[in-house]
Protein chains: 2
Amino acid sequence: MNADALRGHMDALLLSVLEREPLHGYAIIEALRERSGGVLDVPSGTVYPALRRLERAGLLAGEWASDGGRRRRTYRLTDAGREELAGERSAWRSFTTAIGRVLDPLN
Amino acid sequence: MNADALRGHMDALLLSVLEREPLHGYAIIEALRERSGGVLDVPSGTVYPALRRLERAGLLAGEWASDGGRRRRTYRLTDAGREELAGERSAWRSFTTAIGRVLDPLN
DNA sequence: AGTGTATATGTAGGCTGTCTATATATAGAC
DNA sequence: GTCTATATATAGACAGCCTACATATACACT
């Protein structure tokens, strides 16, 4: 998976894995790997700053928790985050349609 | 269309529109707009440097021509460019599959 | 007790491709 | 003579993803 290909789609991915239940960063990385069939292996240096960015934007709400001695920051979708996710899904569809039309060898 | 979303997919788009016939930069921009149903309106400041980059990489071959007093640089796919296009199409399929799985609300 | 691996978060700095804004020049319509 | 379309190109800004590194706990194994 080329790194540049992810540009501009990371937000949608992060919001999407948080749709069903709140998760912390490390669990999000694993969820992305599993749900993509092993294709997406996003480094922590990408995910943690992105989560902070989405929190600053009001799309996620983060909260510190402890499991034994380990600190975790668990993120959940805000209402604004849910709206944003819907918009991202719509944008993804029109994006793939547009690129797909150009790449279609029948053209 | 968000600018970042295109990152990493521009090469595939450019190679793809040149698959059937050689075109010059301006015509490529129009072809992208038409074939995407008006969604892709890529500025010249993106396309011309990208074409040079692909030429340097040996994927395109450019040649100056004149239509009346206007100078045009017409690009055609090289053999390496055709191979690259096949790879880009394959990468596009696995990319959309992976992202689509994560974005799928059924997950 | 010490080593190694998995879990867990985070920062600094680099890279690169896309964008905006600008410049140049010809052709043709009005 | 002016405006728009055609045609190419560069400079510099910007943003986000990356690598590499730093820190710390839990747990298995020796």
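The values are calculated or read from the model by the stated rules, or taken from the named source; none is laboratory data. Not measured: the values here are computed from a predicted model. Glycine gets a Cβ as well: all are built from the backbone with ideal geometry, and neighbour counts include every protein chain shown. What goes into the accessible areas is simple: the full protein's heavy atoms, side chains included, and nothing from ligands, DNA or RNA. Shrake-Rupley method; radii C 1.70, N 1.55, O 1.52, S 1.80 Å.
Hey, among the residues in segment B:2-18 that are more than 7 Å from every other protein chain (Cβ to nearest Cβ) and open to solvent by 30 Å² or more (accessible area, probe 1.4 Å), which one's farthest from DNA strand D (Cβ to nearest atom)?
To start, the set of residues in segment B:2-18 that are more than 7 Å from every other protein chain (Cβ to nearest Cβ) comprises B:3, B:6, B:10-11, B:14-15, B:18.
Imposing the further condition that a residue be open to solvent by 30 Å² or more (accessible area, probe 1.4 Å) reduces the set to B:3, B:11.
Numbers: B:Ala3: 8, B:Asp11: 17 Å.
Among those residues, the one meeting the criterion is B:Asp11.
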Checking B:Ser36 against (1) at the interface with chain A (Cβ under 9 Å from one of its Cβ atoms); (2) within 16 Å of DNA strand C (Cβ to nearest atom); (3) modelled with pLDDT under 95: exactly one of these is not met. Which one?
(3)
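What residue, of B:Thr46, B:Thr74, is among the polar types (S, T, N, Q), within 16 Å of DNA strand D (Cβ to nearest atom), surrounded by 13 or more Cβ atoms within 10 Å (Cβ to Cβ) and part of a helix (DSSP H, G or I)?
Working: B:Thr74 fails: part of a helix (DSSP H, G or I).
Matching residue, one of B:Thr46, B:Thr74: B:Thr46.
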In segment B:57-77, which residues are of a type in the set (Ser, Thr, Tyr) and closer than 17 Å to B:Leu13 by Cβ?
B:Tyr75
Name the one entry in B:Asp67, B:Asp41 that is more than 8 Å from DNA strand D (Cβ to nearest atom) and more than 9 Å from chain A (Cβ to nearest Cβ).
B:Asp41
Can you work out which of the residues in segment A:19-38 that are open to solvent by 60 Å² or more (accessible area, probe 1.4 Å) and more than 22 Å from A:Arg71 (Cβ to Cβ) is nearest to DNA strand D (Cβ to nearest atom)?
A:Arg33
